[in-house]
Amino acid sequence: MTFSPGLEARFADLLTHYPEGRHRGALIPMLMYAQDEVGAITPDLMAELAARLGISVLQVDEVVGYYSMLHKKPQGKYHVQICTNVACMLLGGAELYEQACTRLGVGHKQTQASGRFSLEEVECIGACSWAPAIQVNYDFHHDVTPAKLDEILDGLQ
């Protein structure tokens, strides 16, 4: 699999931060950077990174399956993740998720036909102290109210 020269340079730099034989630690950032370039974590991408890091494709696939920020199919230009775990749920996370479903016309792990928005209900984004929380691509939003959710989505239209 071929990556851009910029991504190849980023991979090479990442590997310098891990001692020989410990390059597996670079897997998550490599997956994230590659996903940003390729659009999704494909079987070819997993095989390529496994070979580069000297691990099995199964080990890569296990990591991809565990982390909600890694996706095996392309997401919308704006990927909206809404936490509905306990703290967020108790403070309105489930209602925010329902509001987003209605507003965007898609459900869990679905993408609008236009490709503009995709939506995902997530278990936890590590922001329990600022619940309810959402993430749009790599941007976190805390203490989200229904009005604030509308404002965020309006800003992306």
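The values are calculated or read from the model by the stated rules, or taken from the named source; none is laboratory data. Here the structure is a predicted model, which is why all the values come from computation and not from measurement. Reconstructed Cβ throughout: ideal geometry from the backbone, glycine too, with neighbour counts over all protein chains shown.
Key figures for this structure:
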{"item": "Residue in the range 44-54 that is at pLDDT 95 or above, surrounded by 13 or more Cβ atoms within 10 Å (Cβ to Cβ), small (Gly, Ala, Ser) and in contact with a Pro (Cβ under 7 Å, 6 or more places away or on another chain) present", "result": "no"}
{"item": "Pro146 being surrounded by fewer than 16 Cβ atoms within 10 Å (Cβ to Cβ), within 12 Å of the chain's Cα centre (by Cα) and in contact (Cβ under 8 Å) with a residue 12 or more places away in the chain", "result": "no"}
{"item": "The range 101-120, residues that are touching a strand residue (DSSP E or B) at 6+ places or on another chain (Cβ under 7 Å), in contact (Cβ under 8 Å) with a residue 40 or more places away in the chain and of a type in the set (D, E, K, R)", "result": "Arg116, Glu120"}
{"item": "Val60 of a type in the set (Val, Ile, Thr), in contact (Cβ under 8 Å) with a residue 12 or more places away in the chain, crowded, with 16+ Cβ neighbours inside 10 Å and in the same structural domain as Asp150 (by TED's automatic domain parsing)", "result": "no"}
{"item": "Arg103 being basic (Lys, Arg) and in the same structural domain as Ile125 (by TED's automatic domain parsing)", "result": "yes"}
{"item": "Flag for Leu45 being outside the structural domain of His142 (by TED's automatic domain parsing), over 30 Å from Ser129 (Cβ atoms) and in contact with a His (Cβ under 7 Å, 6 or more places away or on another chain)", "result": "no"}
